[in-house]
1. In the set Ser27, Ser93, Ser20, which member is in contact with a Phe, Trp or Tyr (Cβ under 6 Å, 6 or more places away or on another chain) and at pLDDT below 90?
2. Checking the condition modelled with pLDDT under 85 and either exposed (fewer than 10 other Cβ atoms within 10 Å of the Cβ) or in the same structural domain as Ile37 (by TED's automatic domain parsing) (or both), which residue from Leu86, Leu61, Leu55, Leu72 passes?
3. With the requirement that a residue be basic (Lys, Arg) and part of a helix (DSSP H, G or I), what does the range 35-55 give you?
Amino acid sequence: MIARCCGACRKRIIPKRELSDQVVGKSRFGVKLMSLIADMATNCRMPHRTIHRALNGWYGLRVSLGEISQVLHKVAEGGKEAYDDLLWEIRGSPVQTRTKPVGAKMVSMVTYGAFLLRRPGICRETRADQVGW
């Protein structure tokens, strides 16, 4: 940002910058950093203290454990509507169940309309499963 000086009154003027597309609410974190923290917590299953140390080591950011927790709450709150819509669509679709042998065990799969849900502890469907081999 560049401060300008008014020619008439000699007053220093700093333009106001619109950051609403980069920052959520009155947070000091941008959308990308919030996404990184959420990804580290959910996909990488990192505890808050490990996230704190990683952000400090990688970027030199000093983020408290409370701020990390607050970011995760904001991200969860932001995605709640999409999650509820998806859950509503799954619950409203027809249900089909099939069981087939995979290796030494039988695998149960439940299909809700276009959504395929596997029981816990089961490997992902391979390309051979998709084409019917």
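The values are calculated or read from the model by the stated rules, or taken from the named source; none is laboratory data. Predicted model, so just to flag it, every value in this text is computed and none were measured. Cβ: placed from backbone, ideal geometry, glycine included. Neighbour counts: every protein chain shown.
1. Ser93
2. Numbers: Leu61 fails: modelled with pLDDT under 85; Leu55 fails: modelled with pLDDT under 85; Leu72 fails: modelled with pLDDT under 85.
Checking each option against the conditions leaves just Leu86.
3. Scanning the range 35-55 gives Arg49, Arg53.
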